[in-house]
Structures are given as C-alpha cells and as structure tokens.
Amino acid sequence: TFGHEIDNHDFVIRFNKGFITKTISQGSRTDLVILALTLTQEELDSYNARFVANRSRFYHNKTDLIIPDKARGLLSCFLGATPSTGFIAIDMCLYLEAAQIDLYGFDFEKTKTFYNPDDYITQHRYDREEQIVLKYEKEGFLKINKKSS
C-alpha cells in the first residue's frame with residue numbers, strides 16, 4: 001500500500017510495461033516513463049507521463065529523450081552485461097544528484113513479469129545489479145522500500 005507515498009514524491013519514474021493496475025499499491029503519478037520496448041500509443045497514453053524516454057534509439061515510441069549509447073555502454077562495462085532499465089534510471093538519478101531516491105517494486109527479477117514468457121532468458125545481470133544497489137543503499141544513496149511480511 002505504497003501508492004499515496006509514491007504519489008507524494010517530487011518525481012515518479014516508471015518502466016516498460018509497469019502499468020498502473022492498483023493505485024493503492026502503485027500510486028497514480030508518472031512523471032517519466034523509460035522504455036526498453038515499443039508500446040502502442042494507447043499503452044503509452046495510459047501512463048499519462050509528463051516525459052517519455054527510450055533506452056535506445058531502436059525503440060519507436062514518441063519520446064522526449066533517448067538514453068545515449070555511450071551511457072548504456074559504460075554501464076554495460078561496469079556490470080559485465082546489458083543494464084536493466086531500472087538500473088539505468090538509478091544511475092541517471094545518481095548522476096543528476098537527486099536529493100532522495102526511493103525504490104519501489106525492485107526485487108531484481110525474483111518476481112516474474114506478466115509479459116515475459118516462462119522460458120525468457122534475460123540479458124541482464126540482476127545478481128550484480130542487486131549487489132551494487134544494496135551497496136548504494138548501505139552507503140545512504142537510496143532506499144529500497146519493501147512490502148512487509
């Protein structure tokens with residue numbers, strides 16, 4: 001039930017097909033959506049986002065920003081694999097020196113997405129991303145908000 005808390009942030013970033021289905025859990029605001037796939041215009045409009053970014057020039061969404069190849073390339077070298085869209089967003093927020101970064105819904109691919117098939121093989125190193133993000137949390141750069149057990 002983080003919806004109200006999420007909506008009270010200064011800036012809310014969502015990713016890919018993370019469509020809002022339960023506002024009590026997910027909130028209702030989207031300031032920026034970052035995409036690693038092409039959405040239909042109807043899907044894109046459902047976000048009601050102020051800004052749209054493609055993580056690559058190969059996706060065909062009408063956008064305000066395309067994440068530069070060089071930025072993704074540097075992160076790939078750092079991780080040893082293609083960075084996830086979430087990891088790119090975290091890096092972007094750190095680079096822009098966001099005063100506060102709160103993560104919701106991050107479990108580093110431990111929960112399957114509804115849109116990838118069961119036999120999907122990721123190009124990301126979620127284990128490495130998790131290790132780095134947990135280090136960032138320990139160092140006070142961000143906070144990972146988790147549902148209570």
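The values are calculated or read from the model by the stated rules, or taken from the named source; none is laboratory data. What you see is a predicted model; the values in this text were computed from it and never measured. Note that each Cβ is placed from the backbone with ideal geometry, even for glycine, and that neighbours are counted across all protein chains shown. Note: accessible area is taken over every heavy atom of the protein model, side chains too, but ligands, DNA and RNA are not part of it. Shrake-Rupley method; radii C 1.70, N 1.55, O 1.52, S 1.80 Å.
One table, with the values for the structure above:
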read-out	value
Relative contact order of region 81-149, defined on C-alpha pairs under 8 angstrom at six or more residues apart (%)	51
Whole-number percent relative contact order across the chain, with pairs defined as alpha carbons under 8 Å at least 6 apart	16
HN-Hα J in Hz across region 27-32 - Karplus 6.51, -1.76, 1.60, θ = phi - 60°, x for Gly and Pro	x, 10, 7, 9, 8, 9
Rounded, prolate or oblate (a/c below 1.5 giving rounded, otherwise prolate when a/b exceeds b/c) for the chain by Cα gyration tensor	rounded
Of LYS112/LYS146; LYS22/LYS62; LYS112/LYS135; LYS110/LYS147; LYS110/LYS146, pairs whose Cα-Cα distance is over 19 Å	LYS22/LYS62; LYS112/LYS135
Rounded if a/c under 1.5, otherwise prolate or oblate - region 84-149, Cα gyration tensor axes	prolate
Principal axis dimensions, largest first and in whole angstrom, of region 1-57 by Cα	34, 21, 15
Accessible area (Å², 1.4 Å probe, nearest 10) - PHE2	50
Net charge of neighbours whose Cβ lies under 13 Å from the Cβ of ASN116, counting Lys and Arg as +1 and Asp and Glu as -1	-1
Solvent-accessible area, 1.4 Å probe, carbon plus sulfur percent, for the chain	53
